[in-house]
Amino acid sequence: MNRVLLSSIFISCLILGACKKKQPPPSPEVPVNLMSLKAKKVLYYDKYPSTTAALSQVVLLPQVQGAVTGIFFIEGSNVSKGQKLYEIDKRIYESNYDAAVANLKVQQGNLVQAQQDADRYEYLNSYNAVAKQLYDHAIIALQNAKNTVRSAEEAVKSAKTNLAYAVVYAPFDGTIGFSQVKLGNVVTPGSTVLNTISTDSPMAVDFIINEKQLPHFEQLQNNKQPIDSLFTILMPDNTLYPFTGKISIIDRAVDAQTGSIRIRLVFPNPKNYLRVGMSCVVRVHNQDTGPQLVLPSKAVVEQMGEYFVFVAKDSVINKPSAKSDSVSKPVLVAAQKKVQVGQTVGPNVVIKSGIKEGDKIVVDGVQTLHDGSQITTANKVAPAQGGKH
């Protein structure tokens with residue numbers, strides 16, 4: 001029993017000794033680099049993914065049925081308005097036209113005969129020298145002959161139109177694509193695609209903006225003195241297109257599901273650098289000429305879609321002293337500030353709001369900070385880019 005009691009007393013002493021162990025020292029100050037925030041003029045572009053499109057584009061469809069007997073262009077070449085492109089077997093349409101013309105001549109002869117009979121019976125009827133029924137029949141026959149001639153004339157027009165449709169011409173100047181039919185293929189009206197033609201210059205460039213940006217683009221569209229180099233584009237190989245553009249159309253409505261709207265620019269395309277369907281990037285030159293606040297991107301911390309920076313603030317802490325209860329010591333602490341970021345410009349980012357000029361911003365060492373962390377610049381980390389320390 002005494003042995004058990006002694007063991008319990010020993011264990012209790014060990015526990016009390018462990019509780020009285022010295023607590024670990026408080027977290028040391030975090031070494032950081034600071035940058036004094038200054039406003040300056042910034043040149044940057046708002047960038048939007050975009051796609052080139054033709055201002056006019058037509059899918060060529062045959063209007064008559066038959067075998068393709070002629071192709072009169074080079075695929076992928078420029079064609080002129082009215083240029084002959086395709087020919088469909090014309091023989092049956094020529095025959096129909098000739099038959100319609102011959103029938104018209106027959107009906108015109110019948111009309112002459114009916115007119116003569118009507119004139120004769122009208123003369124006799126004026127002297128009551130012919131039966132009234134015969135006179136009425138002659139007048140009706142004349143009217144029928146006239147109607148038959150008009151029908152024959154329309155048949156000639158229809159046959160002539162079909163004959164004309166046997167040859168397909170370019171509707172405007174542009175570039176023609178690959179032919180979808182070859183010589184000998186039988187085409188059907190309204191369903192067989194022959195080819196596609198699109199205009200070359202100017203070329204449209206379409207991109208999507210958020211509805212919140214709409215007033216800004218409407219202002220740019222209504223500007224009576226367009227700004228030089230306001231709209232430029234980067235080609236798929238990231239080279240700058242040598243011509244500038246202007247706003248042509250702002251779409252009539254905002255997409256209710258996405259809250260976006262389409263903008264169309266037009267660019268001259270004299271050398272056919274732009275092709276329909278190309279993916280490029282529209283650059284819109286910023287029009288804010290005033291100084292702006294710029295920070296290195298690495299100084300900005302993103303948390304759940306929101307952006308923060310750490311601002312150095314002077315503070316005082318109380319530390320226990322042997323001579324008195326406590327002593328005050330000035331220190332630097334990191335205060336977390338929510339900011340609104342703007343355009344990224346190289347390694348830097350424009351800050352729209354949340355901090356002000358003159359604030360000292362932590363640009364290095366932000367990974368280990370939290371709101372209220374003690375910081376020091378005595379033991380600097382790697383130099384920050386884009387600012388003074």
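The values are calculated or read from the model by the stated rules, or taken from the named source; none is laboratory data. Predicted, not measured: the structure shown is a model, and the values here were computed from it. Here the Cβ is made from the backbone with ideal geometry for all residues, glycine too, and neighbour counts use every protein chain on show. Heavy atoms of the whole protein, side chains included, go into the accessibility calculation; ligands, DNA and RNA do not. Shrake-Rupley method; radii C 1.70, N 1.55, O 1.52, S 1.80 Å.
Numbers below:
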| read-out | value |
| --- | --- |
| Peptides 331-340, 351-360 ordered by average Cβ neighbours within 10 Å, highest first | 331-340, 351-360 |
| The stretch 63-87 versus the stretch 241-288: alpha-carbon centroid distance in Å | 32 Å |
| Whichever aspartates and glutamates have a C-alpha closer than 13 Å to that of LYS298, once near sequence neighbours (fewer than 8 apart) are set aside | ASP364 |
| GluC sites (Glu not before Pro) restricted to the stretch 44-99 and DSSP loop, no more than 16 other C-beta within 10 Å | GLU75 |
| Estimated FRET transfer efficiency (VAL301, THR376; beta-carbon r; R0 22 Å; 0.05) | 0.65 |
| √(5λ) per eigenvalue of the Cα gyration tensor, the stretch 103-187, largest first, Å | 52, 11, 8 |
| Overall Cα dimensions of the stretch 194-308, principal axis frame, Å, largest first | 58, 34, 33 |
| Portion, in percent, of the accessible area of the stretch 203-310 that falls on carbon or sulfur, probe 1.4 Å | 50 percent |
| Rg followed by Dmax, in Å, when the stretch 155-208 is reduced to its Cα trace | 15.6, 52 |
| Convex hull volume of the stretch 58-214 per residue (C-alpha atoms, cubic angstrom) | 215 Å³ |
| Shape parameters for the stretch 34-142, alpha-carbon atoms, Rg then Dmax in Å | 35.9, 125 |
| Translational diffusion of the stretch 197-246, µm² s⁻¹ [Kirkwood Rh, Cα pairs; Stokes-Einstein; 25 °C; 0.890 mPa s] | 188 µm²/s |
| Protection proxy ranking, peptides 166-177, 256-267, average beta carbon neighbours within 10 Å, highest first | 166-177, 256-267 |
| Backbone N under 17 Å from the VAL193 label point (7 Å along Cα→Cβ), restricted to the stretch 37-62 | 53-54, 56-62 |
| Pairwise Cα inverse-distance average, inverted: Kirkwood Rh of the stretch 219-278 (Å) | 13.5 Å |
| Pair GLN180, LYS313: separation of 7 Å Cα→Cβ label points (nm) | 6.8 nm |
| Loop sites in the stretch 81-146: trypsin sites (Lys or Arg not before Pro), DSSP, at most 11 other Cβ within 10 Å | LYS81 |
| Principal axis dimensions, the stretch 129-281 - Cα atoms, whole angstrom, descending | 93, 43, 34 |
| Sites GLN213 and GLN108, calculated FRET efficiency, Cβ-Cβ separation with R0 51 Å, nearest 0.05 | 0.15 |
| Mean accessible surface per residue for the stretch 162-203, computed with a 1.4 Å probe while every protein chain stays in place, in Å² | 47 Å² |
| Residue-count net charge about LEU265 - beta-carbon cut-off 12 Å; Lys, Arg +1, Asp, Glu -1 | +3 |
